[in-house]
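Chemist: Here you go, one structure.
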Amino acid sequence: MRFFSSVKMPRKKWQIIGIGLLVCLILFIAYKITSNLMREKERASRALAGRTVTVEAAVVGKRDISPAFSFSANLEAVWATDVSPKADGRIDKLFVEEGDAVTAGMLLAQLDVNELAAQVMQAEGQLLQAKATLELSMLNFQRMDALYQKNAVSAHTLDSARTQRDLAQGSVNAAQGNLLLLKTRLDNARIISPLTGVVIKRYVQAGTFSKAGSPIFAVADTTTLLAKAMVGEAQIAELSVGTPVKISLNAYPGQEFKGVLTRLSPSASVPTRTFTAEVSIPNPDNTLKVGMYANAYIGGQVRKNVLAVPEGALVLREDQKTVFVVLADNKVMQRVLKLGDAAGGWVEVRDGVKEGERIVVAGQHKLKDGLSVRLEAAGGQQTK
């Protein structure tokens, strides 16, 4: 046992030494790679520092800003209603399809009335029979009454004739009620549009059995459509009922439709703290369709003579909006801006730059702090 132990010990030591050497080799390689990367980065920085980049610059000034915001929404009808049968039955015919224009009182669909029509005919026959029986009973009563006045028949016979007359009258009343009920059911088999508008939805196919109250169509007045948006507290102060709204739709590229802000909710939704804004869009010729995707643009109050920079000059850095300011020695400094409203390619600056300073408006994505630049004029403005 001791012999084998003495043989194995050197092998373990060699394994430990080998692992140690391997770790040292890995660390050495990592060090060399890191050193090379650092040297390359340092050389690149020195090269960049010595390079002059040609950029376009402009002088920061003041201008009017007309803030606006936009939102997207699906167009909705101002009001719509489902149309349902008043009786159970199988749908025999559909007379309109989605998109068809309808008028109030127009026949939209018809339930199967074959059996019901036969019942109406039978009830009409029963009513005629009941009326004939009533007529005979009345004549018989009149005859018995005349005979009774002459003491030719007993009071019992007269009472019997009167009873037969009254029973016949009851049969007529019952037949009339049954016929009226069946005719009402027959009328209810006709599914009528309650209003003038457009069929925006068909729920069933012909041949389907429908329960009373189950919708078959949805009809809407589409002469005016709505676009609804949720706006924040900051935006609600810029809006008022009656504000004009510009509408564009993917379905009609290049065309612009006009709308009006007709409603602002008086209270905010919890917990989003947003308000509902409704825009009414006239649609007299039904060009626009319910469900179309629309973009609405609403202008706010004009902000006069505010400090502004072109939106194209902004550079995003760690979720912050910045610009490169050109210093007196033609080197640049990146500054974080505090921005306000934006409109027409310009954005209000509340902090970060001053009026009269020069900023880079083209070529800024090639820059870093401290880099020297060669300036060109931008947009016809002369840089200093």
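Chemist: Hey, can you grab everything whose amide H is under 5 Å from the amide H of VAL309? Only 5+ residues off in sequence or another chain; H modelled, so Pro and N-termini drop out.
Modeler: Under 5 Å from the amide H of VAL309 lie the amide H atoms of VAL347, VAL349, each far enough along the sequence or on another chain.
Chemist: Next question, about the same structure. Only one of the listed values, (i) 399; (ii) 157; (iii) 167, was derived from the coordinates as volume of the Cα convex hull per residue in Å³; which label is it?
Modeler: (i)
Chemist: Suppose each label sits 7 Å from its Cα in the direction of the beta carbon; what would the MET333-GLU135 distance come out to in nanometres?
Modeler: In this crude label model, MET333 to GLU135 measures out at 11.5 nm.
Chemist: So if I place +1 on the C-beta of Lys and Arg and -1 on the C-beta of Asp and Glu, and nothing else carries charge, what would the dipole magnitude of the chain be about its Cα centre? I want it in debye, nearest 20.
Modeler: Magnitude of the dipole: close to 3040 debye.
Chemist: So, in Å, what gap is there between the alpha-carbon centers of the stretch 321-356 and the stretch 209-282?
Modeler: Rounded to whole Å, the Cα centres lie 37 Å apart.
Chemist: Additional query: Please name whichever of LEU158, LEU134, GLN119 sits farthest to the positive end of the charge dipole of the stretch 113-188, dipole taken about the Cα centre and charges placed at Cβ: Lys and Arg +1, Asp and Glu -1.
Modeler: Of the listed residues, the answer is LEU158.
Chemist: Rounded to whole Hz and in sequence order, give me ³J(HN,Hα) for the stretch 331-340 from the Karplus expression 6.51 cos²θ - 1.76 cosθ + 1.60, θ = phi - 60°, writing x for Gly and Pro.
Modeler: 9, 10, 10, 8, 10, 7, 10, 9, 9, x
Chemist: Can you sort ILE192, ILE298, ILE19 by how many other beta carbons sit within 10 Å, fewest first?
Modeler: Ascending number of Cβ neighbours within 10 Å: ILE19, ILE192, ILE298.
Chemist: Each label point is 7 Å from the Cα along the Cα-to-Cβ direction; what then is the distance between the points at VAL302 and GLU355, in nm?
Modeler: With each label point 7 Å from Cα toward Cβ, the separation is 1.8 nm.
Chemist: Here's a follow-up. Within the chain, which DSSP H helices have Cα atoms that stretch 30 Å or more along the helix axis and a mean Kyte-Doolittle hydropathy of at least 0.0?
Modeler: Answer set is 2-49.
Chemist: Which whole-Hz ³J(HN,Hα) couplings does the stretch 196-204 yield from phi under the Karplus relation 6.51 cos²θ - 1.76 cosθ + 1.60, θ = phi - 60°, glycine and proline marked x?
Modeler: Running phi through 6.51 cos²θ - 1.76 cosθ + 1.60 with θ = phi - 60° gives 8, x, 10, 6, 9, 7, 10, 9, 10 Hz.
Chemist: Read phi for every residue in the stretch 254-262 and hand back ³J(HN,Hα) as whole Hz from Karplus 6.51 cos²θ - 1.76 cosθ + 1.60, θ = phi - 60°, with x for Gly and Pro.
Modeler: In residue order, the calculated couplings are x, 9, 10, 10, 9, x, 9, 6, 10 Hz.
Chemist: How do LEU195, LEU22, LEU239 line up, fewest other C-beta atoms within 10 Å first?
Modeler: LEU22, LEU195, LEU239
FYI, it's all coordinate maths here, none of it is from the lab. Please read all numbers here as calculations on a predicted model, not as lab measurements. No Cβ is skipped: glycine too gets one built from the backbone with ideal geometry, and neighbour counts run over all protein chains shown.
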